[in-house]
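Report on the structure given below.
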Amino acid sequence: MTPIIELEDLCKTYASGEEPVHAVRGVSLTILQGEFVAVMGTSGSGKSTLMNILGCLDRPSSGSYLLDGIQVSSLNRDQLSDLRNRKIGFVFQNFNLLARTSAVENVELPMLYRRNPLSAAEQRKKALQSLEMVGIGKRAGHTPNQLSGGQQQRVAIARSLINDPVLLLADEPTGNLDSRTSCEILGIFQRLNDQGITILMVTHEPEVANHAKRIIVMRDGKILTDTQVQNRLQAADELKNLPTETVS
Amino acid sequence: MRLHTSLRTAFRALLRNKLRSLLTALGIIIGVAAVIAMVGIGNGAKKQVEDQVAAMGDNALMVFSGSSSRGGMSGGFGSAGTLTLEDAFAIKREIPGVQGVTPEVEGNARISSGNQNWFTRLNGVDADYFSIRMWSFTHGGPFEERDVKTSAKVAVIGKTTALEIFGSEEEALGKIVRVRNVPFTIIGVLAPKGASFFGRDQDDTLVVPYTSAMKRVLGVKTIPRITVSVERGKSVAMVVEQVSNLISQRHRLPGDREPDFTIRTQEELANMATATSKTMTTLLGFVASISLIVGGIGIMNIMLVSVTERTREIGIRLAIGARGSDILVQFLIEAVTLSLLGGLIGIGLAFLAAAIIMQLSPMPVYITAGPVVYSFAFSAAVGILFGFYPARKAASLDPIEALRYE
Ligand SMILES: Nc1ncnc2c1ncn2[C@@H]1O[C@H](COP(=O)(O)OP(=O)(O)OP(=O)(O)O)[C@@H](O)[C@H]1O
Ligand SMILES: [Mg+2]
């Protein structure tokens, strides 16, 4: 398998306060294509900082980061933008959809910033397909404030996948959702992972983490443990056992 | 990002806050409307002067009493009292190519009829005056050479004065008006001429033989002005030269002394008037341009607010792969759209204002393509100029900080 992420002694130091904060201090890590990794750890252990660097939203203070074979630390602002656009999909805890903008238009958004944009009709078709895939095709015309949290997160996932990224980054994607909705979202992740997308997901809940294939635990900006999941949970099975409710 | 996508995004953002967008554009709207209307009024005045020159003929010249360097136009020509009736007669007698000559005296006078009073301008002229000035009559007719010889108490009345005292032009004919207690019989009503080069209402007048005016009303011996018309086909410049020589001779002025009179052709007077209105137009246009700049500052202000409000949106766009330049263009388009929209509405408003002004006042407004194009381009420039800083600010936001912004 080809490595998607290769980190070598990665450090991130914030110099903003009175004394510098060492948020990430020497992380070396390799994640191969097709992996589904859960990142856990106490609050303030540097998970989000690491995710931001992996997502090319932030730059490391030192160390090397190869994303899909590209040395990220040497890229400029625009090149990082293009990398985020083509190679990475983001799913946030608070969904981060554009307000007063319909679901389908939210999903189209990353396509608008492609260097070689598709035609408007193709964009619309792709966006609707993507919404269909996460089971929310019927709500394409709804704006975020007309959607439940779970539905919004589905829209966000549809958006993150629209440019066929090699890596899906999710920082506490189920943090604002109830257990049933969380299970549904994890089901989507597992299905996407089965289709070959590499996923990195931050979570505080061991229950959620057990849906991944590999769990990394961080403490004080370092990796504490790195283990393969033994008894992996399958969201699809759990959903069958849960009392049936109409989904979306 | 494709341009039409950027345009759609910008339009949407502006439509989301319709009232705010309108209020923001208001500065530009008023600025553009003011520039176009002001320049239009200036052009209207200029065109009026040109029309008057065309109507009066370019074959007239005026001799004013007093030198041009002392006092000049603003000091009021003709106050020096150096011209006499003899000068006027001499011009008529001795210079070939002269068609008509009229001495002119004038003064302000209260005139009355019954219990109606009106303060007007009294003009004392020769019988040639009406043909020189190409002034026709709506009722009655001019006085004649005989009336001038006998200092007859006859008068010709302007439309404004007729309306003020008699209520209508027809009524005025044959009536008696008292000018400083001297009764004059009205034998003619002049066709309306409108405002003069220098803004005075030419129809607010009472015209009497100069002999009557000088002896019976004003009690003066010298005349401030002589108007001369040149025969068609004769050179006006040549007549100017000859008149100048003649009067210098008559006044026994040595060659090196400054003449005690001033000669102006109709054309020169028109040019002076247009120069004045041009200065006014430039000044007004400049003041109006300042309001465009103020409008631009309004746009900048609102765009800065908008960038802060939409920090999170900017963060999201950056996170999913927008380049800084995409964000810059988006906000720049919003600012320019605001200012261009303001410009368009302002142009519409200027035409509306012009129509209203012309409806309600005799002032002509003449809108030309120049100021419309200029102010539209200026408003676009204002949008780019004042939109750039907020757009730059938006484009240089840090994606993580923008995403975290509450
Ligand atoms: N912009 C910043 N400036 C200064 N310090 C920061 C900044 N962002 C994060 N930190 C610090 O870096 C450390 C790691 O923060 P981070 O957000 O990565 O933690 P986390 O593991 O995601 O925590 P949580 O589970 O609560 O989300 C913390 O001590 C935090 O205070
Ligand atoms: Mg975090």
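Taken over segment B:128-182, the criterion of being in a helix (DSSP H, G or I), open to solvent by 20 Å² or more (accessible area, probe 1.4 Å) and in contact with a Pro (Cβ under 7 Å, 6 or more places away or on another chain) is satisfied by B:ASP147, B:LYS159. Filtered by the rule that a residue be without any contact (Cβ under 8 Å) to a residue 12 or more places away in the chain and either touching a Lys or Arg at 6+ places or on another chain (Cβ under 6 Å) or away from chain A (no Cβ under 11 Å) (or both), segment B:310-324 gives a lone residue, B:GLY321. At pLDDT 95 or above and within 16 Å of ligand 2 (Cβ to nearest atom): does that describe A:VAL24? It is true that A:VAL24 is at pLDDT 95 or above and within 16 Å of ligand 2 (Cβ to nearest atom).
Residues that are under 30 Å from B:ARG12 (Cβ atoms), within 11 Å of chain B (Cβ to nearest Cβ), more than 16 Å from ligand 2 (Cβ to nearest atom) and surrounded by fewer than 22 Cβ atoms within 10 Å (Cβ to Cβ) are absent from segment A:57-70. Determine whether segment A:75-85 contains at least one residue that is in contact with a Leu (Cβ under 6 Å, 6 or more places away or on another chain), away from ligand 1 (no atom under 16 Å from the Cβ) and at the interface with chain B (Cβ under 9 Å from one of its Cβ atoms). No, the conditions are met nowhere in segment A:75-85. Checking each residue in segment B:297-309 for being open to solvent by 10 Å² or more (accessible area, probe 1.4 Å) and more than 14 Å from chain A (Cβ to nearest Cβ) picks out B:ILE297, B:GLY298, B:MET300, B:ASN301, B:ILE302, B:LEU304, B:VAL305, B:THR308. Please find, within segment B:42-86, the residue that is modelled with the highest pLDDT out of those that are buried (at least 16 other Cβ atoms within 10 Å of the Cβ) and among the hydroxyl-bearing types (Ser, Thr, Tyr). This residue is B:THR84. Filtering B:VAL287, B:VAL329, B:VAL294 for residues that are surrounded by fewer than 23 Cβ atoms within 10 Å (Cβ to Cβ) and within 14 Å of chain A (Cβ to nearest Cβ) leaves a single hit, B:VAL329. For segment A:119-143, taking the residues that are in a loop (DSSP other than H, G, I, E, B) and out of contact with any helix residue (DSSP H, G or I) (no Cβ under 6 Å at 6 or more places or on another chain), the one that is farthest from A:GLY187 (Cα to Cα) is identified as A:SER119.
Restricting attention to segment A:189-210, the residues being in contact with an Asp or Glu (Cβ under 6 Å, 6 or more places away or on another chain) and surrounded by fewer than 23 Cβ atoms within 10 Å (Cβ to Cβ) number 0.
Filtered by the rule that a residue be within 16 Å of ligand 1 (Cβ to nearest atom), more than 14 Å from chain B (Cβ to nearest Cβ) and open to solvent by 10 Å² or more (accessible area, probe 1.4 Å), segment A:146-176 gives A:GLY175, A:ASN176.
When we screen A:LYS213, A:LYS125 for residues that are open to solvent by 60 Å² or more (accessible area, probe 1.4 Å), without any contact (Cβ under 8 Å) to a residue 40 or more places away in the chain and among the basic types (Lys, Arg), the only hit is A:LYS125. Please enumerate the residues belonging to segment A:89-115 that are open to solvent by 10 Å² or more (accessible area, probe 1.4 Å) and in contact (Cβ under 8 Å) with a residue 60 or more places away in the chain. Selection gives A:PHE90, A:PHE92, A:GLN93, A:ASN94, A:PHE95, A:LEU97.
When segment A:89-113 is filtered for residues that are at the interface with chain B (Cβ under 8 Å from one of its Cβ atoms), of a type outside the set (Ser, Thr, Tyr) and closer than 18 Å to B:ARG323 by Cβ, the ones remaining, listed by number, are A:PHE90, A:LEU98, A:LEU109, A:PRO110, A:LEU112.
Among the residues of segment A:48-72, those that are among the charged types (D, E, K, R) and within 17 Å of A:GLY89 (Cα to Cα) comprise A:ASP58, A:ASP68. Restricting attention to segment A:27-51, the residues that are within 16 Å of ligand 2 (Cβ to nearest atom) and either of a type in the set (Lys, Arg) or not in a loop (DSSP other than H, G, I, E, B) (or both) total 11.
Looking across segment A:25-47, just one residue is within 13 Å of ligand 1 (Cβ to nearest atom), among the polar types (S, T, N, Q) and either crowded, with 19+ Cβ neighbours inside 10 Å or under 14 Å from A:ILE5 (Cα atoms) (or both), and that is A:SER45.
The values are calculated or read from the model by the stated rules, or taken from the named source; none is laboratory data. The model shown is predicted, which means the values in this text are computed figures rather than measured ones. Cβ atoms come from the backbone with ideal geometry, glycine included; neighbour counts cover every protein chain shown. Quick note on the areas: whole protein, heavy atoms, side chains included, nothing else; ligands and nucleic acids left out. Shrake-Rupley method; radii C 1.70, N 1.55, O 1.52, S 1.80 Å.
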